[in-house]
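Peer 1: Questions regarding the structure given below will be posed in turn.
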Amino acid sequence: MNIKYFVKTVEKKKDHLSIKWNDNFKSKFHFLWLRDNCPTAIHPTANMRVFNILTVSKRIFPKKYTIENNKLNIDWSEGKHSSKFDLKWLRDHCYTEINREKYSSPYVLWNGKLKNNFNKIKLDHDKIINNDKYLKKWLELLHSYGFAIVKNSPIKRKSCFKILNRISHHRETFFGTPFEVVNIPKPNNTAYTAQALRNHTDLPYFEYAPGYQFLHCLINDATGGKSSVVDGFAVANHLMKKELEAFKILTSTHVKFKDTDYTQKAIRILHSPIITLTKDNDFNDIRFSMAAMGAIDINPKKMKEFYDAYQLFASLLHNNKFKINFRLNAGDIFCFNNRRVLHGRTEFDPNSGNRHLQGYYVERDEIIARLNYFNNIKV
Ligand SMILES: [Fe+2]
């Protein structure tokens, strides 16, 4: 076993045990944290905490503590309870160390140049179905690039369920699953017309917008209807580096998104910034849809600067430096992180041929959770 898992000294301090390990690293383990994480606190099969934090006081402390056989043994001052901690577990969960680690983003940001390397994001349908390693490769691409194209899939209606079930269940919405991206009379959404769609993320008016979108192309022989894709995180990153004021406005201004689909007995309204960040200041979400933007109702003093920033972001999201245009062919599945990557299309001529895509959503949680499983992440 690695020397870092052996203990040199243990000292009792005011509210924690201080452990010096054989590699000289010093960890703090607070008394309540230790009591809360006693191995007996975890159900052996459900792997969930059964211990109730309310059964001890905040004054609890170790009456006695020893190191024996790679274990830390503690007799507690309350509840006549003893704990035995595996030293390896303690070191692996040492929050002194975890909190010193520099955050590294899982995202590979990309721009229009990715088109020169397009094979990188293309995968084969049957290999994903038949091979777990290849499935993992797909998930890694989705997580890091937020974008992939699955080639050679069947063109039967609803046949995309099979490959999505390799990940997990899908996310249902009022559009149904799959939703039919085809031009219809009296459309309830501009996606269901033959008109051009500016780059957007879907359903930004949901508190929890769908994580991933899968557009399965069944037929595309109409003239026009070219797809576009752009990495919203890369554009946001550009703003952060070159246009900090605009970036600050877009991450702090709660703007109105709305949906009033005439086929629904529902009115959806959400106020959110266009760009949100995580606790590590990495990118979390992009919500961008000119079509689903409500009439902005922010303080008038901030309106001009908001529109300046919004228009700048919009122009970059449609700039050839960042976006890629490509043609979806029958049997392609266009897969993307809908809370990061924007998509659009050019106008098509419905009299020249057919264009029919079937759309599905899957939560981002499901992609990340499957990747964690394949990577055997310990928690
Ligand atoms: Fe869309």
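Peer 1: Restricting to bridges with both residues inside the chain, how much of the DSSP beta-bridge set is antiparallel, in percent to the nearest 5?
Peer 2: The answer is about 95 percent antiparallel.
Peer 1: Rounded to the nearest 500 deg cm²/dmol, what is the calculated helix-only ellipticity per residue at 222 nm for the chain, with -39500 (n - 2.57) per DSSP H run of length n ≥ 4?
Peer 2: -6500 deg cm²/dmol
Peer 1: Moving on. How big is the chain along each principal axis, measuring the range of its Cα positions in Å and listing the largest first?
Peer 2: Principal extents (Cα only, largest first): 83, 57, 44 Å.
Peer 1: While we're looking at this one, here's another question. Kindly state, as a whole number, the per residue volume in cubic angstrom of the convex hull around the alpha carbon atoms of the stretch 5-53.
Peer 2: Hull volume normalised by residue count: 84 Å³.
Peer 1: Further question: So how tilted is helix 132-144 from the main axis of the chain? Cα-based, degrees 0 to 90, rounded to 10.
Peer 2: For helix 132-144, the angle is close to 80 degrees.
Peer 1: Turning to a different aspect of this structure: Using all Cα-Cα distances in the stretch 35-103, what percent lands in each 5 angstrom bin from 0 up to the longest?
Peer 2: 3, 15, 20, 23, 21, 12, 4, 1, 0
Peer 1: Let me know the charge dipole size of the chain about its Cα centre in debye, to the nearest 20, where only the beta-carbon of Lys, Arg (+1) and Asp, Glu (-1) is charged.
Peer 2: Rounded to the nearest 20 debye, it is 1000 debye.
Peer 1: Give, in nm to one decimal, the length gained when the segment between Met290 and Lys156 is fully stretched (0.36 nm per residue of separation minus the Cα-Cα distance).
Peer 2: The Met290-Lys156 span can extend by a further 45.0 nm.
Peer 1: Using Cα pairs closer than 8 Å and at least 6 residues apart in sequence, work out the relative contact order for the stretch 3-98, in percent.
Peer 2: Worked out over the stretch 3-98, it gives 22 percent.
Peer 1: Relative contact order for the chain: what percent, with Cα pairs under 8 Å and sequence separation of 6 or more?
Peer 2: So the answer I get is 22 percent.
Peer 1: So, one more: If packing is taken as the average number of other Cβ atoms within 10 Å across a peptide's residues, how do 138-146, 227-235 rank, most packed first?
Peer 2: Sorting 138-146, 227-235 by mean packing, highest first, produces 227-235, 138-146.
Peer 1: While we're here: Helix 300-317: angle to the longest alpha-carbon principal axis of the chain, degrees 0 to 90, nearest 10?
Peer 2: Roughly 80 degrees, rounded to the nearest 10.
Peer 1: Report the convex hull volume per residue for the stretch 242-379, counting only C-alpha atoms, in Å³.
Peer 2: 202 Å³
Just so you know, all these numbers are worked out from the coordinates, no wet-lab data involved. What you see is a predicted model, and the numbers here were worked out from it, not measured in a lab. A quick note on method: Cβ atoms are made from the backbone with ideal geometry, for glycine too, and the neighbour counts reach across all protein chains shown.
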